[in-house]
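Okay, structure first, notes after.
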Amino acid sequence: MSHKDLSFDTRAIHVGEGAEFLEGSKNEVVAPIYLSSTYARKEVKNPGFYQYSRSQNPTRFALEERYASLEGTTYGLGFASGLAAEATILFALLKPGDHVIGFDDLYGGTKRLFHQWEEKYGITVSLVDAAVPKNVEDAILPQTKLIWLESPSNPLLKVCDIKAIANIAHKHQLLVIVDNTFLSPYFQKPAALGADIVVHSITKYIAGHSDVIGGAIMLNDKSLYDKIKFCQNSLGVVPSPFDCYLVLRGLKTLSMRMEKHQSNALAVATYLENHPKVARVYFPGLKSHPQYEIGLRQASGFGGMISFEVVGGEKEAVQFLESLKLFTLAESLGGVESLIEHPALMTHSSITAKERELAGIKDSLIRVSIGVEDQKDLIADLEQAFGMI
Ligand code: P1T
């Protein structure tokens, strides 16, 4: 039976594992963790397929096969972190003088990476509000090579029309990269909407348990794949076999986790929207979200991330965060436990205050990754913390 005939949930459990794993070990139910860093050869001039684990590792290959299957692409590649995957794309595809257009709301570490490339390698970056596709088109220069999107974006949960932007990009022979971390392939498949490269921080929903740092790239084009795969090996930015095992394991429950993250998030976002101490809620699943309709059209869900502004400023936000008992005050997202953070002081502190202001990240902004706990307990904890400010 071909993978293509199987549903997402079935592929999330079976692709790359069980009878599909290595030829010759057909009774493995779970992909073994292949720790060997190197492989013996019988003849000097005949290395065989497996040579050295940075280049070939069976546990990683099992995971890469699953990545491609779930994202609906021909190829999948595993990386040591989301940023390792991003840096590899820049390394593989850009040269000095090239120009990149990015969403003005992106993970702070991604913007920091762009700035490093601007300073050291002579590329230029324009950050625009890609929620309006025309802003992207207007920013195109003769030297533009890539358009870099997140949808929903981090931390303001802005949604952009991936198909419309891909159409613009392809008219100008540009590549579109979509960071699909916030929705995971369970809710959104950017490659089917026209993205040339899909990138993930695997650390988040895909691994799902806050115990792995990882990244992935999924794509269809063979020549782009060859370039990126070459750099995956030449830079050595591969994930460890143990991390690959954890991700293979975490992925088996992706659909169930995403559904629960989402239903909890909808309940919490609705609660926050009606709270007198909340000035504004950002959640793509609320009808009040400015790009609600686009989200509905291009994804099958809204995910589990919410941002909101408390009435007041940094003082009130910090006091609220430090009063919570069940939510964990920590960077990252997408784990089974609810995490909460202050973007200006935490995940987005690596960009300047001016840049945060331009992007609309206020000191009163709080970002929440809603876990899969009972929503009544989550709302009760938020309620008691609001009582403290
Ligand atoms: O942390 P790492 O696995 O290297 O992934 C970087 C990354 C890439 N893309 C998005 C959309 C991300 O959110 C991240 C990492 N983000 C956090 C750590 C955070 O708390 O937002």
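The values are calculated or read from the model by the stated rules, or taken from the named source; none is laboratory data. It should be emphasised that the depicted structure is a prediction, and the values quoted were computed from it without experimental measurement. In this analysis, Cβ positions are derived from the backbone assuming ideal geometry, glycine residues included, and neighbour counts consider all displayed protein chains. Ligands, DNA and RNA are stripped out before the accessible areas are found, and what is left, the full protein with its side chains, is counted by its heavy atoms. Shrake-Rupley method; radii C 1.70, N 1.55, O 1.52, S 1.80 Å.
Output the residue which, of all residues in the stretch 328-347 that are open to solvent by less than 10 Å² (accessible area, probe 1.4 Å) and either of a type outside the set (Ser, Thr, Tyr) or not assigned by TED's automatic domain parsing to the domain that holds GLU259 (or both), is farthest from the ligand (Cβ to nearest atom).
ALA344
Checking the condition without any contact (Cβ under 8 Å) to a residue 60 or more places away in the chain, of a type in the set (Phe, Trp, Tyr) and in the same structural domain as MET218 (by TED's automatic domain parsing), which residue from PHE103, PHE61, PHE79, PHE91 passes?
None of the other options fit; the residue is PHE61.
So which of SER234, SER223, SER255 is of a type outside the set (A, V, I, L, M), open to solvent by less than 20 Å² (accessible area, probe 1.4 Å) and part of a helix (DSSP H, G or I)?
Exactly one of SER234, SER223, SER255 is of a type outside the set (A, V, I, L, M), open to solvent by less than 20 Å² (accessible area, probe 1.4 Å) and part of a helix (DSSP H, G or I), namely SER255.
Tell me the residue from GLU355, GLU316, GLU309 that is modelled with pLDDT under 95, more than 26 Å from HIS209 (Cβ to Cβ) and either open to solvent by less than 70 Å² (accessible area, probe 1.4 Å) or within 17 Å of the chain's Cα centre (by Cα) (or both), please.
GLU355
Provide a single number: the residues in the stretch 118-139 that are more than 18 Å from ILE168 (Cβ to Cβ) and surrounded by 20 or more Cβ atoms within 10 Å (Cβ to Cβ).
So the count comes out to 1.
Yes/no matrix, rows are residues, columns are (1) surrounded by 24 or more Cβ atoms within 10 Å (Cβ to Cβ); (2) of a type in the set (A, V, I, L, M, F, W, C); (3) within 13 Å of the ligand (Cβ to nearest atom):
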site: PRO185; (1), (2), (3): yes, no, no
site: ALA192; (1), (2), (3): no, yes, no
site: VAL212; (1), (2), (3): no, yes, yes
site: ILE217; (1), (2), (3): yes, yes, yes
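Filter the stretch 61-94 down to the residues that are among the hydroxyl-bearing types (Ser, Thr, Tyr) and assigned to a helix (DSSP H, G or I), then identify the one that is farthest from the ligand (Cβ to nearest atom).
That would be SER69.
Being in the same structural domain as ASP381 (by TED's automatic domain parsing), within 30 Å of ALA317 (Cβ to Cβ) and surrounded by 19 or more Cβ atoms within 10 Å (Cβ to Cβ) is the requirement here; does ASN264 meet it?
So ASN264 fits the description; yes.
Kindly list the number of the only condition in (1) touching a helix residue (DSSP H, G or I) at 6+ places or on another chain (Cβ under 9 Å); (2) at pLDDT 95 or above; (3) over 22 Å from ASP226 (Cβ atoms) that fails for ALA40.
With respect to (1) touching a helix residue (DSSP H, G or I) at 6+ places or on another chain (Cβ under 9 Å); (2) at pLDDT 95 or above; (3) over 22 Å from ASP226 (Cβ atoms), ALA40 is out only on (1).
Before we move on, is GLN291 touching a Pro at 6+ places or on another chain (Cβ under 9 Å), of a type outside the set (Phe, Trp, Tyr), closer than 24 Å to LEU193 by Cα and surrounded by fewer than 21 Cβ atoms within 10 Å (Cβ to Cβ)?
yes
Working only within the stretch 157-180, note down all residues that are over 16 Å from LEU93 (Cβ atoms) and open to solvent by less than 10 Å² (accessible area, probe 1.4 Å).
LEU157, VAL159, CYS160, ILE162, ILE165, ALA166, ASN180, listed by residue number.
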